[in-house]
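Q: Input: one structure, supplied below.
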Amino acid sequence: MAKTSETGHAINVANFEKLISYLMGYGTRYNPSKDLIKISNLQNVLTLTKGALDSVSMAQSAYAGAVAARKIVFEPLNKYATRILNALRASGSSEQIDASAQSLVHKIQGVRASAKKSDEEKKALEAEGKEVTEISSAQTSFDNRLANFDKLVKLLATIPEYAPKEEDLKVATLTTYCTSLGNKNQEVIAAETALSNARIARNKVLYEANTGMTDVVADVKSYVKSVFEASSPEYKQISKLSFS
């Protein structure tokens, strides 16, 4: 079930609807005593499965929209950080402050603290008996970029020399931008959570043990086989319907 694609879930529901149509065509001969596989309950299950698929589809659209919106608001961040760093350097701040800001800017932009060793360099070090360990300084996830930009803005707010006249470089403007980054990132997290929950709810309706659609189908097929026999056209008709 976990490997079933989004299309696969839709095919399962479409086949379930086709199954119900076949069963209704059998008329009074399809008359199970088990409530779970009676036509009325099967129709209720179909309604639930269609609703669950719709919920996932809507959640997917909302998630895609949130991701796209976040990408747009984060897009200028790398160049923006470079401008901020240059403005700081031009302000007369100390070398130590500039170095701290540069470190944060590098993390925002995913710049490594040191050049990555080539395969040849690694082999040469290993031949000398030296352990080769490389820890990437690239912290380019949205969460990390946001956290490091927030640190940068807070650092700038403590530097008296940093007082640019350009409106978009002022601490107040940077703080507002940082807030917008956080909001867009949070919207993605919320949309991802909603999508995950929608998928969980869908999987329960389709695949929950005993009461889920696929287990109900198995009971239906067993009942039809018992009434019409395995060699009957009725059983062959529904047995070919696949539910993955």
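The values are calculated or read from the model by the stated rules, or taken from the named source; none is laboratory data. Bear in mind that the values here come from a model prediction, so they are computed numbers and not experimental data. Cβ coordinates were reconstructed from backbone atoms using ideal geometry, including for glycine residues, and neighbour counts include every protein chain displayed. Side chains are part of the model used for accessible areas, which takes the heavy atoms of the whole protein and leaves out ligands, DNA and RNA. Shrake-Rupley method; radii C 1.70, N 1.55, O 1.52, S 1.80 Å.
Q: Which one of these does residue 34 not meet: (1) free of Cβ contacts under 8 Å to residues at least 24 places away in the same chain; (2) among the basic types (Lys, Arg); (3) open to solvent by 90 Å² or more (accessible area, probe 1.4 Å)?
A: It is condition (1) that residue 34 fails.
Q: Run residue 66 past the list (1) closer than 29 Å to residue 200 by Cα; (2) surrounded by 13 or more Cβ atoms within 10 Å (Cβ to Cβ); (3) without any contact (Cβ under 8 Å) to a residue 24 or more places away in the chain and report the number of the one that doesn't hold.
A: With respect to (1) closer than 29 Å to residue 200 by Cα; (2) surrounded by 13 or more Cβ atoms within 10 Å (Cβ to Cβ); (3) without any contact (Cβ under 8 Å) to a residue 24 or more places away in the chain, residue 66 is out only on (3).
Q: In the list 107, 79, which residue meets the criterion of being in contact (Cβ under 8 Å) with a residue 12 or more places away in the chain, more than 17 Å from residue 159 (Cβ to Cβ), in a helix (DSSP H, G or I) and not aliphatic (A, V, I, L, M)?
A: The conditions single out 107.
Q: For the range 109-116, check the following and say yes or no: at least one residue is surrounded by 12 or more Cβ atoms within 10 Å (Cβ to Cβ), on the phi > 0 side of the Ramachandran plot and modelled with pLDDT under 95.
A: Yes, the range 109-116 contains at least one residue that is surrounded by 12 or more Cβ atoms within 10 Å (Cβ to Cβ), on the phi > 0 side of the Ramachandran plot and modelled with pLDDT under 95.
Q: Check every one of the helices (runs of 4 or more DSSP H) wholly within the range 146-244 and list those with 3 or more residues that are at pLDDT 95 or above and farther than 30 Å from residue 30 by Cβ.
A: Of the helices (runs of 4 or more DSSP H) lying wholly inside the range 146-244, those with at least 3 residues that are at pLDDT 95 or above and farther than 30 Å from residue 30 by Cβ span 171-207.
Q: Considering only the range 82-104, state which residues are open to solvent by less than 30 Å² (accessible area, probe 1.4 Å) and touching a residue at least 60 places away in the same chain (Cβ under 8 Å).
A: Once the filter is applied, which keeps residues that are open to solvent by less than 30 Å² (accessible area, probe 1.4 Å) and touching a residue at least 60 places away in the same chain (Cβ under 8 Å), the range 82-104 yields 84, 87, 88, 93.
Q: Of everything in the range 169-211, what is in contact (Cβ under 8 Å) with a residue 60 or more places away in the chain and open to solvent by less than 30 Å² (accessible area, probe 1.4 Å)? Give them in sequence order.
A: Selection gives 169, 174, 181, 185, 188, 191, 195, 198, 202, 206.
Q: Follow-up question, since we're still on this one. In this structure, does residue 48 turn out to be part of a helix (DSSP H, G or I), closer than 14 Å to residue 206 by Cβ and hydrophobic (A, V, I, L, M, F, W, C)?
A: Yes: the conditions hold for residue 48.
Q: I would also like to ask the following. Within the range 212-221, can one find any residue that is open to solvent by 70 Å² or more (accessible area, probe 1.4 Å) and not hydrophobic (A, V, I, L, M, F, W, C)?
A: So far as the range 212-221 goes, no, none of its residues is open to solvent by 70 Å² or more (accessible area, probe 1.4 Å) and not hydrophobic (A, V, I, L, M, F, W, C).
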